[in-house]
Each structure stands twice: as C-alpha cells, then as structure tokens.
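A quick write-up on the structure given underneath.
The values are calculated or read from the model by the stated rules, or taken from the named source; none is laboratory data. Since this is a predicted model, take the numbers as computed values, not measurements. Every residue, glycine among them, receives a Cβ derived from its backbone with ideal geometry; neighbour counts consider all protein chains shown. SASA here: full protein model, heavy atoms, side chains in, ligands and nucleic acids out. Shrake-Rupley method; radii C 1.70, N 1.55, O 1.52, S 1.80 Å.
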Amino acid sequence: MPEMRMRDALREALREEMLRDETVFLMGEDIGAYGGSYAVTKGLLEEFGEERVKDTPIAESGIVGVGIGAAMAGLRPMVELMTINFSFLALDQIVNSAAKLYHMSNGQINVPMVVRMASGGGSQLAATHSHSLEGLYAHFPGLKVVCPSSPADAKGLLKRAFRDDNTVIFIEHTANYGLKGDVPDDPDFLIEFGQANVLREGSDVTLVGYSGSVHQATRAAVMLQEQEGISAEVIDLRTLRPLDIDTVIRSVQKTNRAVIVEDDWKFGGFAGELSAQIMERAFDWLDAPVARVCGKDVPMPYNRNLEFAALPSEEDVVEAVLAMF
Amino acid sequence: MDISNDTLLDLHHRMVRIRLFEEEAGKLQESGKVPGALHLYVGEEAVAAGVMSHLSAEDQITSTHRGHGHLVAKGGDLRKMYAELYGRSTGYCKGKGGSMHISDLDLGMLGANGIVGAGPPIAIGAAFSNKYRGTDRVTICFFGDGASNEGTFHEAANMAALFKLPVVFVCENNGFGEFTSQARHQAIKDVADRAAGYGMPGIITDGMDVLAVYEAAGEAIARARRGAGPSLLECKTYRFFDHVGVRGMGVVYREDAEVLEWRKRDPITLFESRLEEMGLLTTEAAAQVRERILFEIREAIAFAEASPFPAEGALMEDIYTVRGAAR
C-alpha cells in the first residue's frame, strides 16, 4: 500500500473516478491551469483536457448552480469552492435547490453532485478564511456531509461520494492536506457513509471528533494514558450525515463518559446535536454530563496567539476529561 | 417569415390554453379551493408560446415562480398541474412542490423556482451537459426584469458566454419585480443592454406579438443549436394580473390606465385579429378552440378534486435517493 499525503490521495480518487466514469467532470476556481488552491487537482487538466477540468470565474453561486443543472441533465459534477467560508455565497443553490429538489419534485429530480471545500484555521488567514462549518451543512436534510481525517479515508470517501446519487458536501481540513498515510490503490476501494471509525479503543472516556479535531482528540488520548493513566476511546465520525450514532452510543455505554471535540463554534453547533443524541439514548449510562470542547464563539482573529486561543487544543480536551473524574 | 398554417394555429392554441388554465386557476384560488400563492401568467402568453413552439421535449427550460405558462406551452399535463395546485398525490410533485416548484423532467421542464434568479445557473448547467455530451439540444432560461438584478443572472450570463453554451436567456420584462416597477428597481430600460457586458447578442422584441417572439426566438435558438453560443432575448410584456393572485387593478403600485393601455394589446386578441385577416380563424372557430380547452380544463379540475392527499407516510419519503447508491 503506497504512502501518500491527503492531497495526493484526493487527487487519486478524482483521477480514478474520472477514468471510471466519463460523466464525471471537475469545475471550480483555479482548479485547472493553476492546479487548485491546495494542489489537489494538479495535473488533471493536462491529463483530462479542458472539457473535463473547467476553470471557472469566481462566482460561487453560479458555479454550484451550474453543477446542479449539469447533474440534473445527466452528468456527475465535482465542484470545488476553495473554502467553506466562500460557500456562503452559494448557500441558496446548495440549500434551496440541491438539498430540496428530490423531495420537492416527488423524486423526479436528484442532484448527484460532489461539492468540495476546505475548512479549518491555523494559518493566520483570519475570519473570512478560517472557519469550520461542517455542522451547518449537516443541518440540512437532503445533503450528505463528509469530513475525512486521513489520506486513506479521504480517498475511500471521495470515491464513494461519486457513486452517490445525492449531493455530497465534502469538507477537507486544511491542516490535513499534508498528512501522510498508507492509501489502498485498489480502484474499488470505497468507504461507506455512516460508518464511524474507532481509531483507538479505551475504557474510561469516549472522545468524538471528525476531520481536523480527530487529531486533537487522539493526541489528548495519548496524553491521558501516559500522564493520568486514563484510557480514552477515540471515534472519528467520518460523515456527519448520515451519522453513525450507534457506534458512539455503544462506546459511551462502555466508558460512561463522552467528550465531543470540534473546531466549529460551540453555540448551536454539531457538538450540541451529538450531545443531545447521547443524552436521549444513553442518559442512564452517563457518569458525567457530556462535555463539548469547541472553537470559541468569536470570528477568527488574525493574531497568531489569539487564533491559537480560539481553537480547541489537546490540552483543552485533557482538561475536560479530568473534570469528569 | 416562413411559418406554416399549422404552426400559426398551434401558437394560438398554446396561448389560449395558458390563458384559460390561468383564469380557472385564479378562480379556484379566489374561491378558496386552491391554497398557497399563485403567480399567474395572464398577459405574457405570447412569450411562452412563441419560444416553446421551437422546442422538442428533449430541449430543456428553467422556469420561474410565474411558471404555469411555460409548462402548459411545453405540453404539460393539465391534470397533473391542477392536482399539484390542489396539493394532491396525483400532482406532478405529489403536491409537495406546489405552484412555485412544478417540474416535469420528461418534458425537459427543469422546474419552476420559488427563488428569483435561482434558475439561470441551473440552465447553464443543463446547457453544459448538452454540449459535453455532444447533443444539439438547447436550454431556455426564462427570467424576469426583477431577476436580472440578481447576482446569479450575471454569473450565469458570464459563464454561458465564456463556455459558449447552447442556451437562450429569455427575459420576460413585464415591467415589475414583484410589486416594484422597473423604473424603481433598475436604471436601464432594456435588460437586453446587459448582454453586451458578457459578449453575447441582446435582442429586444415585442412580447405581446407572438409572431415577433416566434421569429426572434427562432433565430436565437438556431444560433445556439449550431454552436454559436448564447444570446439574450428580451420580450417586452405585461402582467395583467397581480404579482400574486388575480386582482391587478386598483392597486397602489401601478395605474389602472396603464393596465388598460396594455390590455388593448392583449396578445391573444392581437393574434386572433391577425389570423382572421389571414383567413385562418373565424370567431366561431376561436370559440370552439376555447370550448375544447375548457372541456379539458374542467375534466382536469375534476380529476384533481377527486384525487386523494398523499398518505402521511409520504412525509418522510424522497429526502434522499438510493438509486445507484452502490454502483
């Protein structure tokens, strides 16, 4: 199994799907001649040509709308929006059309489109370029929301997204693009949606994360084991919709404690949803209230120290766990 | 213009079918039988008829919130349309979409749209697909003067020209964006002026004259079909009824005199006079056309009223498709 970075694993998924299915085409800002803002589509214009790798104007709503129309008319578009923060410009098309058309049309119209976007802070790009808003998209029925945390997952989930006949919002954490890992080269390697991954088994507390926050959770688990002798189980949700709540509940029934870790804002966020579902289904197993370690409720500052303070760290996770014992 | 007698009579038939469908729909709403918001197309029939006459079921259209006329002109099933307005399970969308969201993929009708300006990018996507797959299909994007102020229209126009796509933007300039007159919502008089900014032709035509629309649309559609790129066709027309519902007269946002002036150029009356001059239609024949269509409409309304509402189990259906999930 070759080792590669997540950006290369994503590119492999795109390549393989384009080779497999000629209705797959790519469109987005800077994806062609430049190779993509995060170099995910590098070389694909040269390999597949202008018809299948389209540089677009900077026009997020327009691009997503074109993707929807193309999907309605028989193609399988992949639309890249550079960052999730820019996707607000396309929110009407994503929510009012892509998510709703299947229901609204009595199942006549489905929109098999993959919308890729980057999320996450840590690069001093300030408030319009640094947020993680996976939970926002998970709020809308009709969308599927995928947030990989590793190169292998990125490939298996992105390939799976192209086999789905619904719109898939595929969100990549910028801090993960350079991560290395073993990635299967089997062209039929797919990871099903709605299957959380237990990254580390433990008995005392369950740490739940996705995308970038899986890594804070994992580092915290190591610290808890080494420094406190606490055994933490780490669960990577991988997809927020569909959500594999069963795996989380089984874990909480074993450990009796849960901490949810995410970069997104705490107020009204996905951690709140997850916390409520744990409470609804595992209240009697809980030895402590479910804790949420999230981004601070503030637009992301530019300053290095303040940005760091706004994001959840492994120390924050450790602190939250210790407060439960 | 080379146009057969059959086509002339077909244009007339399409217009009358729209008019009667809408008048009956308006009555049903006023009597409380049909709920929701109806944006009726009365007064603008020449546009839908003149454009749709050039299309096959393979050609697509994106419609607007004022979309009944487009679907009727494209050959929509009146039974399914009325059933949709009634919210019944036999409607085009099982009554889940309602007036503003009727679609019929088999007829290439990609959907009425409750969001002003949401249609243009979708039309461009369909046109992209048509070109990508090497077909000679065209896509018509209907939009209004109001939507021409939305960013999505401009984004779509730019991409259509940039990618040289087989699409025709048909602006139904009825002088109002909802309840606000054109003079109060944009500084230009001709939406067609905007075409130049994107490097495509902008043509203005009389939207009350079905033959003018037919001719101008024919050229724009032929241009798109032969791969020469998009164009913008602005049809100057008028909404006889209100933005929503029927009334339209004695309202605060426009003068009755203006409405009466436009009604003198009723597209159906104008065309009927023309057909009579040409010896193709008599008063009696026109009355027979109306009677036949009214018969169809009455039957469609009876069908809708006899149809059941969807079972409650339908509520959570069709949120996600599982078609091809494991391909």
* **For residues of B:175-183, the mean tally of beta carbons on other chains within 10 Å** => 0
* To do: Using a Gaussian network model of chain B whose springs link C-alpha atoms within less than 10 Å, name the residue from B:Met249, B:Met159, B:Met278 with the highest mean-square fluctuation.
  => B:Met278
* So if we plug the beta-carbon distance of B:Ser56 and A:Asp246 into 1/(1 + (r/R0)^6) with R0 = 41 Å, what FRET efficiency do we get, rounded to 0.05? -> 0.25
* **Residues in the stretch A:210-237 that a label on A:Gln195 would reach, taking backbone N under 15 Å of a point 7 Å out along Cα→Cβ** => A:236-237
* Largest-first principal axis extents, alpha carbons of the protein assembly as shown, Å -> 97, 53, 45
* To do: For the stretch A:3-182, report the accessible area per residue in Å² (1.4 Å probe, heavy atoms, rounded to an integer).
  => 28 Å²
* To do: Calculate the spin-label point distance for B:Val252 paired with A:Ser203, positioning each point 7 Å from the Cα along the beta-carbon direction, and give it in nanometres.
  => 7.4 nm
* Amide H within-cut-off set for B:Arg239, under 5 Å, with H built and near neighbours excluded -> none
* Structure fact -> the stretch A:3-182: antiparallel bridges as % of DSSP beta bridges, rounded to 5, reads 10 percent
* Asked: Between B and A, buried accessible area summed over both sides at probe 1.4 Å, in Å² to the nearest 100?
  -> 3700 Å²
* To do: Quick one: which residues, 5 or more positions from B:Thr64 or on another chain, have an amide H under 5 Å from its amide H? H modelled 1.01 Å from N in the peptide plane, none for Pro or chain starts.
  => B:Asn113
* Structure fact -> Across 10 Å bins beginning at 0, the whole-percent shares of Cα-Cα pair distances in the stretch A:197-322 come to 14, 48, 31, 7, 0
* To do: Could you tell me how many degrees, from 0 to 90 and to the nearest 10, lie between the Cα long axis of helix A:213-223 and the main elongation axis, the longest principal axis, of the Cα atoms of chain A?
  => 30 degrees
* For chain A, alpha-carbon Rg relative to the globular expectation (2.2 N^0.38 Å, N residues) -> 0.98
* **Estimated FRET transfer efficiency when R0 is 45 angstrom, pair A:Glu46-B:Ile188 (beta carbons, to 0.05)** => 0.55
* To do: May I ask you to list, by number, the DSSP H helices of chain B whose Cα span along the axis is at least 30 Å and whose average Kyte-Doolittle hydropathy reaches 0.5 or more?
  => none
* To do: Just flag the trypsin sites (Lys or Arg not before Pro) in the stretch A:280-325 sitting in loop per DSSP whose Cβ has no more than 16 other Cβ atoms within 10 Å.
  => A:Lys296
* Where does chain A land at 222 nm, in deg cm²/dmol rounded to the nearest 500, when only DSSP H runs of n ≥ 4 count, each adding -39500 (n - 2.57), divided by all residues? -> -9500 deg cm²/dmol
* Cross-link list A:Lys159/B:Lys131; A:Lys42/A:Lys266; A:Lys159/A:Lys266: which exceed 27 angstrom alpha carbon to alpha carbon? -> A:Lys42/A:Lys266; A:Lys159/A:Lys266
* **Label-to-label distance, nm, for residues given as A:Asp186 and A:Glu280 (7 Å Cα→Cβ offset)** => 3.5 nm
* Asked: Given springs between every Cα pair under 10 Å in a Gaussian network model of chain B, which of B:Gly199, B:Gly313, B:Gly227 has the largest fluctuation?
  -> B:Gly313
* How high is the FRET efficiency between A:Ala288 and A:Arg20 when r is their beta carbon distance and R₀ equals 35 Å, given to the nearest 0.05? -> 0.15
* Asked: How far is the Cα center of the stretch A:123-157 from the Cα center of the stretch A:37-92, in Å?
  -> 16 Å
* Structure fact -> Given unit charges at Cβ for Lys, Arg (+) and Asp, Glu (-), the dipole magnitude of the stretch B:5-307 about its Cα centre in debye, nearest 20, is 800 debye
* On average, how much area does the Cα convex hull of the stretch B:157-257 cover when viewed from any direction, in nm²? -> 7.2 nm²
* Could you name the lysines in cross-link range of B:Lys94, using Cα to Cα under 16 Å and dropping any fewer than eight places away on the same chain? -> A:Lys100, B:Lys80
* **log10 of Debye I(q)/I(0), alpha-carbon scatterers only, for the stretch A:1-99 at 0.12 Å⁻¹** => -0.38
* Quick one: dipole size for the protein assembly as shown, taken about the Cα centre, charges +1 on Lys/Arg Cβ and -1 on Asp/Glu Cβ, in debye to the nearest 20. => 400 debye
* To do: Work out, step by step, the length gained on full extension between B:Ala222 and B:Ala302: first 0.36 nm times the residue separation, then minus their alpha carbon distance; give nm to one decimal.
  => 24.8 nm
* Note the direction-averaged projected area, equal to a quarter of the hull surface, for the Cα convex hull of the stretch A:207-262, in nm². => 3.6 nm²
* Take every DSSP beta bridge with both residues inside the stretch A:197-322 and express the antiparallel ones as a percent of the total, to the nearest 5. => 20 percent
* **Cα-based radius of gyration of the stretch A:3-182 once divided by 2.2 N^0.38 Å, which approximates compact folds** => 0.95
* Asked: D for the stretch B:54-144, whole µm²/s, Stokes-Einstein with Kirkwood Rh over alpha-carbon pairs at 25 °C and 0.890 mPa s: what number?
  -> 188 µm²/s
* Antiparallel DSSP beta bridges within chain A, percent to nearest 5 -> 20 percent
* **Hull volume in cubic angstrom per residue (convex hull over the Cα atoms of chain B)** => 144 Å³
* Asked: Tell me, what % of the accessible area of the protein assembly as shown is carbon and sulfur with a 1.4 angstrom probe?
  -> 52 percent
* State, to one decimal in nm, how far the label point of B:Ser4 lies from the label point of A:Lys296, with both points 7 Å from Cα in the Cβ direction. => 7.5 nm
* Asked: In the stretch B:191-282, what trypsin sites (Lys or Arg not before Pro) fall in a loop by DSSP, with at most 14 other Cβ atoms inside 10 Å?
  -> B:Arg226, B:Arg247, B:Lys264
* Structure fact -> Percent relative contact order for the stretch A:3-182, counting Cα pairs under 8 Å at least six residues apart, stands at 27 percent
* What list of whole percents do you get for P(r) of the stretch A:76-168, with Cα-Cα distances grouped in 5 Å bins up to the one holding the largest distance? -> 3, 13, 22, 25, 19, 11, 5, 2, 1, 0
